[in-house]
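Asker: Sharing a structure below in structure tokens format, with a few things to ask.
FYI, it's all coordinate maths here, none of it is from the lab. All values reported here derive from a predicted model rather than from experimental measurement. Because the Cβ atoms are built from the backbone with ideal geometry, glycine has one as well, and the counts that use them run over all protein chains shown.
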């Protein structure tokens, strides 16, 4: 259920920054942790229900973690679970993940404000 907690936090941050305006979309960058975009989309919709972010779209940018092989010295992006356990270059298992988990709410799109009439 890590993803649902992540979605709750994204919605909370968007709603706080919205200041009562209707949110139409958010762009979120996730690094260092594998996430399923479909699960995030569904979780966001559930978390946003009844808020100013209800119906907003989610653009998810997933940055794979990088790993460093202590055996051969190469640093590569971990494209799958195997590359987190063994170096894709030399096959060595003395690898370490280099990136910390990070979630950044990069942007929020709002519904255009109605023009005020005098």
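Asker: Please build a GNM for the chain, connecting alpha carbons under 10 Å apart, and tell me which residue among 17, 63, 45 fluctuates the most.
Answerer: Comparing 17, 63, 45 in the GNM, the peak value goes to 17.
Asker: Let me ask something additional. Rounded to the nearest 500, what is the chain's calculated 222 nm mean residue ellipticity when only DSSP H runs of at least 4 contribute -39500 (n - 2.57) each, over all residues?
Answerer: Taking each H run of at least 4 residues, the total per residue is -9000 deg cm²/dmol.
Asker: In nm, what is the difference between 0.36 nm times the number of residues separating residue 70 and residue 3 and their Cα-Cα distance?
Answerer: 21.0 nm
Asker: With each pseudo-label sitting 7 Å past Cα toward Cβ, what's the residue 35-residue 54 distance in nm, one decimal?
Answerer: 2.3
Asker: Return one number: the angle in degrees, 0 to 90 and rounded to the nearest 10, between the long axis of the Cα atoms of helix 37-48 and the longest principal axis of the Cα atoms of the chain.
Answerer: Helix 37-48 and the main axis of the chain meet at about 30 degrees.
Asker: Next question, about the same structure. Compute the helix-to-body angle for 2-18: its Cα long axis versus the longest principal axis of the chain, expressed 0 to 90° and rounded to tens.
Answerer: In the chain, helix 2-18 runs at an angle near 40 degrees to the longest axis.
Asker: Which whole-angstrom value gives the distance between the alpha carbon centres of the stretch 1-43 and the stretch 83-110?
Answerer: 20
Asker: Over the stretch 1-88, what relative contact order in percent results from Cα pairs under 8 Å that are six or more residues apart?
Answerer: 30
Asker: For the chain, what proportion of DSSP beta bridges, expressed in % and rounded to the nearest 5, is antiparallel? Before the final figure, lay out each step's value.
Answerer: Numbers: 14 of 21 bridges.
That works out to approximately 65 percent antiparallel.
Asker: Could you give log10 I(q)/I(0) at q = 0.10, 0.11, 0.22 Å⁻¹ for the chain, computed by the Debye formula over C-alpha point scatterers of equal weight, without solvent?
Answerer: Treating every Cα as an identical point scatterer, log10 I(q)/I(0) equals -0.41, -0.48, -1.08.
Asker: A further question follows. Assuming R0 = 22 Å, can you tell me the calculated FRET efficiency for the pair residue 81 and residue 42, based on Cβ-Cβ distance, to the nearest 0.05?
Answerer: On the way: r = 23 Å, r/R0 = 1.03.
E between residue 81 and residue 42, to the nearest 0.05, is 0.45.
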